[in-house]
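Trainee: Here it is, the structure, as structure tokens.
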Amino acid sequence: MQPPPRKVKPAQEVKLRFLEQLNILQTRQQREADLLEDIRSYSKQRAAIEREYGQALQKLAGPFLKREG
């Protein structure tokens, strides 16, 4: 025969649920912060690539623009 389940005080139960929910929210916030950091890094790298590409196009078009002008 098993012993009867221990009774948990209502205040302790509320505290335990609050801590569980807080842990879930902190985990979610960390995942979202990581996602934002990934997006920021991606955007920064993409901007650098597009800047280099634009400069290369200007360099390529330079002689043709001088001939027409």
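The values are calculated or read from the model by the stated rules, or taken from the named source; none is laboratory data. All values derive from a computational prediction rather than experimental measurement. Remember, those area values only see protein heavy atoms, side chains included, never the ligands or the DNA or RNA. Shrake-Rupley method; radii C 1.70, N 1.55, O 1.52, S 1.80 Å.
Trainee: Lysines within cross-link reach of residue 7: Cα-Cα under 29 Å, excluding same-chain residues under 8 positions apart?
Mentor: Result set, ordered by chain and number: 15.
Trainee: Could you look at the chain and say what percent of its accessible area is carbon and sulfur, using a 1.4 Å probe and all protein chains? Don't jump to the answer; show the numbers that get you there.
Mentor: Numbers: 4380 of 7410 Å².
Carbon and sulfur: 59 percent of the exposed surface of the chain.
Trainee: What does the accessible area per residue of region 1-68 come to in Å², with a 1.4 Å probe and no ligands, DNA or RNA counted? It would help to have the intermediate numbers written out before the result.
Mentor: Numbers: 7310 Å² over 68 residues.
In whole numbers, region 1-68 has 107 Å² accessible per residue.
Trainee: Still on this structure, I have one more. When the helix-only estimate is applied to the chain (DSSP H runs of n ≥ 4, each -39,500 (n - 2.57), divided by the residue count), what is the mean residue ellipticity at 222 nm, nearest 500 deg cm²/dmol?
Mentor: Computed mean residue ellipticity for the chain: -32500 deg cm²/dmol.
Trainee: Right, something else. From the phi angles alone, apply the Karplus equation (6.51, -1.76, 1.60; θ = phi - 60°) to region 32-47 and give each ³J(HN,Hα) in whole Hz, x where the residue is Gly or Pro.
Mentor: 5, 5, 5, 5, 4, 5, 4, 5, 4, 5, 4, 5, 5, 5, 5, 4
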